[in-house]
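Presented below is the structure to which this report refers.
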Amino acid sequence: MTTELAKEVQPTVVDGAVRFTARFEGRKSQDFEISGDVLEEHFGAASRSDDDLLAAFKHGREEILKAAGEASSTPTTGIVPLGTGDFTE
């Protein structure tokens, strides 16, 4: 399954987490949120500043989108959270 960032919605920082929209197979879209903890611990964000969180998100984009693809079947009507358990060390 092809997973990519939706081009019309830019990733943004909301309450210390990065919220983004992923598109699957070019059709279905789902909103996700990756915690600041994951971005610091797993993707090396230097701080909790918006710029550092977004830089870490961009750095880990492939792995984050892979995790989003794996979580895409999570039943929800809202935002799917991605946390430390969604990423391997």
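Just so you know, all these numbers are worked out from the coordinates, no wet-lab data involved. No experiment lies behind these values; they were computed from the predicted model shown. Glycine also receives a Cβ, built like all others from the backbone with ideal geometry; neighbour counts cover every protein chain displayed.
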With each label point set 7 Å from Cα along the Cα-Cβ vector, what nm distance links R27 and S73? 1.7
Mind sorting K7, K58 by how few other Cβ atoms lie within 10 Å of their own Cβ, fewest first? K7, K58
With +1 on the Cβ of every Lys and Arg and -1 on the Cβ of every Asp and Glu, the dipole magnitude of the range 24-77 about its Cα centre, in debye rounded to the nearest 20, is 280
Simple SL model, points at 7 angstrom along Cα→Cβ for A6 and K58; separation in nm is 2.2
Surrounding net charge for L39, when Lys and Arg each add one and Asp and Glu each subtract one, Cβ distance under 9 Å: -3
